[in-house]
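We did not get these values from a lab; they are worked out from the coordinates using the rules stated. Please read all numbers here as calculations on a predicted model, not as lab measurements. When we count neighbours, we look across all protein chains shown, and the Cβ atoms used for this are built from the backbone with ideal geometry, even at glycine.
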Amino acid sequence: MGRKPMEPVQVVKQRRDAALNALVNGVPYIQFLGIEFDRRGDELTAIMPFKEMLIGNPMLPAIHGGATAAFLEVTSIIGLSWSILWEKIESGEIDAEALVAGNLPSLPKTIDFTVDYLRSGLPRDAYARARVNRSGRRYASVHVEAWQDNRGRPFAQATGHFLMPQSDG
């Protein structure tokens with residue numbers, strides 16, 4: 001009797017996408033690198049479209065190690081933040097419209113971030129996915145892998161530890 005009618009699927013998808021876009025657009029460095037996020041349900045894939053400015057060694061040519069590390073760290077932070085926001089949006093604890101209006105939560109802060117460069121990043125689009133290994137009230141651990149043509153052959157991976165933002169409640 002007291003149940004709300006179900007919303008159309010497209011409305012729910014639009015709200016989720018708008019919330020993700022608000023989170024991503026809240027970080028100017030993400031726009032500088034041109035990183036995009038593709039959402040399928042609660043799973044995110046980061047995409048760093050190739051641009052000449054990403055080349056570090058023009059003789060190879062190879063993507064700069066700093067651009068690779070930044071791509072991995074951004075993917076980790078957004079992936080971790082989205083995993084927390086997803087649950088809060090779905091439970092109704094956070095209003096997705098409030099995120100779109102600019103009421104963005106604080107992002108996790110990097111404690112340490114270790115990158116393994118497995119091979120040269122080629123001059124083409126790169127993809128990455130983060131996996132949250134542990135997420136508590138104060139601390140989180142995330143593993144992320146980046147690949148280009150074949151997900152089974154990552155060109156870089158990283159593990160990061162993050163200080164979680166403290167809620168104001």
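Here are some notes:
- Contact map, segment 26-39: first residue within 12 Å of Ala70 (Cα to Cα), second residue of a type in the set (Gly, Ala, Ser), Cβ cut-off under 8 Å, separation 6 or more or different chains; pairs are Tyr29/Ala70; Leu33/Ala67; Leu33/Ala70; Ile35/Ala46.
- Listed by first and then second residue, the pairs linking a residue in segment 102-131 that is touching a residue at least 24 places away in the same chain (Cβ under 8 Å) to a residue that is surrounded by fewer than 17 Cβ atoms within 10 Å (Cβ to Cβ) and of a type in the set (Phe, Trp, Tyr), with Cβ atoms under 6 Å apart and 6 or more places separating them unless they lie on different chains, are Pro123/Phe50; Arg124/Phe50; Asp125/Phe50.
- Taken over segment 38-79, the residue count meeting the criterion of being out of contact with any Ser or Thr (no Cβ under 7 Å at 6 or more places or on another chain) and assigned to a strand (DSSP E or B) is 11.
- Tabulated pairs, segment 42-56, first on the phi < 0 side of the Ramachandran plot, second surrounded by 13 or more Cβ atoms within 10 Å (Cβ to Cβ) and among the hydroxyl-bearing types (Ser, Thr, Tyr), C-beta under 6 angstrom, 6+ apart or interchain: Thr45/Tyr127; Ala46/Thr75; Ile47/Tyr127
- Filter result for Lys51 (basic (Lys, Arg) and closer than 18 Å to Asp125 by Cα): yes
- Candidate set: segment 102-127, residues that are part of a loop (DSSP other than H, G, I, E, B) and hydroxyl-bearing (Ser, Thr, Tyr); chosen: the one farthest from Gly34 (Cα to Cα): Ser106
- Residues in segment 147-157 that are part of a strand (DSSP E or B) and either touching a Phe, Trp or Tyr at 6+ places or on another chain (Cβ under 6 Å) or hydroxyl-bearing (Ser, Thr, Tyr) (or both): Trp147, Ala156.
- Condition check for Ser83: in a helix (DSSP H, G or I) and crowded, with 19+ Cβ neighbours inside 10 Å: no
- Inside segment 39-76, residues that are of a type in the set (A, V, I, L, M, F, W, C) and closer than 28 Å to Glu87 by Cα make up a count of 9.
- When segment 132-148 is filtered for residues that are β-branched (Val, Ile, Thr) and free of Cβ contacts under 8 Å to residues at least 12 places away in the same chain, nothing remains.
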